[in-house]
Amino acid sequence: MPAPAPARPVTSQPTTTPTSALADLDGGALRWKVRTRLRAAREAAGLTQAQTATRCRWSTSKQDRIENGHTRLTWADTDVLARVLGVPDPDRRELLDLIDAADRHADPWSDVYASLRSVHRDVITAETTATRITVWALGLLPELVQAREYATATSTHTDPDRWWDLLAYRQHQAAKRGLRLDVLADETTVYRADEIQRQHLLRLHDTGRARIRIVPITARTHPGLLGGFGIYHADIGPVLHWHDANGGTLDRGVDADHAIHQRLAQLHALSQPVTEFCGTSG
C-alpha cells in the first residue's frame, strides 16, 4: 500500500513551467490532460482499474469516474494515483502543477467535456499538444475548420450552441499556437457544406491558417480513399485517429505504419487546392 499522500502545499506556484500550449488551456482541458496521462500510466503498468483502485484504497467505480471525467479530479487523488502507478517524481510534480493550474482557472467547459465520448475527449487532448495535424475527411469536415453554422448543424451535442462555444475556443487556441493544419477532403464532403462553410474554407486557406486540398469525386474508387483519419503530430510522438460513426479509435506508432503514409501520398497526388473547387473568397 502507498504511504499516505502528503498535504497539498500552501503555495500554488508551479514547480515546473507548463508549455505554452498548456498555459492556454482552460481548467477542464487541463484536467482531461491529467486524466489521459494517468490512464496511460496505468495501462503501461499493466494494471486494471480494479487493481489500481485497490492499491489506491478506493472503489473501482471511483477509478472509472476519474478516468472518464465523471468526477472532479483533485490534487490529492492525482498525487495518490501517480505514486501508486510509479510515475517518476518530475512527471508527478508536473501533473500536480496542471491540477493547480486547473484550479486557478474558471472551468467553463467541464459540462461539455463530460458529455463527450472518451475517444473524443482524447482527440481534443491530442489536439492541444500537437504541432501539426493531418486529416483525411470523408463525410464531415474537421472540427478545426468548421464555421459556426456548419458546426451547430452537424453537432450531435444536446446543446449545439454550447458545443460551438467550446469549438470556437479550440479554434482560437490552435491559431494562437500556430498549429499547422493539413486537410484533405473528398469533393462530396465539401459540396454538401453550405456556401458560408465553403467561403470559410477559402479564408482559412488564403490566410495560411490551414492548407486545404480536395480529392475529386472521380477518384473515389482509388484504394487511397478507404476510411477517414487524422494524425496528431506532437513531441511525444504521433497519434492516429481512425474516424467512424461511434467516434473512432486512437492508435500510436503511426511513424512505422507505411500503409498510412502511402495512403496520404496517394490522396495528395489526387488532390487539388480548395481554390479550384470553391473559387476565391470574397
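Each reported figure results from applying straightforward, stated rules to the coordinates on display, with no laboratory input. What you are looking at is a predicted structure, and each value in this text was computed from that prediction instead of being measured. Please note: Cβ atoms are built from the backbone with ideal geometry, for glycine as well, and neighbour counts cover all protein chains shown.
I'd like the FRET efficiency for Ala45 and His120, computed as 1/(1 + (r/R0)^6) with the beta carbon distance as r and R0 of 25 Å, rounded to 0.05.
The computed FRET efficiency comes out at 0.50.
Ala245 to Asp111: extension gain in nm, 0.36 nm per residue of separation minus the Cα-Cα distance?
46.0 nm
If I take the Cα coordinates of the stretch 79-230 and project them onto the principal axes, what are the three extents in Å, biggest first?
56, 34, 29
Could you give the radius of gyration (one decimal) and Dmax (whole number) of the Cα atoms in the stretch 20-107, in Å?
12.3, 36
Taking K and R as +1 and D and E as -1, what net charge do the other residues with C-beta under 15 Å from the C-beta of Asp122 add up to?
Combined, the nearby Lys, Arg, Asp and Glu give +4.
Grab the beta carbon distance between Arg72 and Asp206, set R0 = 45 Å, and tell me the FRET efficiency rounded to 0.05.
E(calc), rounded to 0.05, equals 0.60.
Run the numbers for His268 and Arg57: contour at 0.36 nm per residue of separation, minus the present Cα-Cα distance, in nm.
Value of the extension gain: 70.7 nm.
Report the calculated FRET efficiency for Thr218 and Glu149 (r = Cβ-Cβ distance, R0 = 41 Å), to the nearest 0.05.
Efficiency at R0 = 41 Å is approximately 0.90.
Can you work out the Karplus-derived ³J(HN,Hα) for every residue in the stretch 61-66? Use 6.51 cos²θ - 1.76 cosθ + 1.60 with θ = phi - 60°, whole Hz, and x for glycine or proline.
Ordered by residue, 3J(HN,Hα) equals 5, 5, 4, 5, 5, 4 Hz.
Within the stretch 26-61, find all residues whose amide N lies under 15 Å from a label point positioned 7 Å from the Cα of Asp103 along Cα-to-beta-carbon.
27-28, 31
What length, rounded to one decimal in nm, is gained on full extension from Asp89 through to Thr188, with 0.36 nm per residue of separation minus their alpha-carbon distance?
Stretched out fully, the Asp89 to Thr188 stretch lengthens by 30.6 nm.
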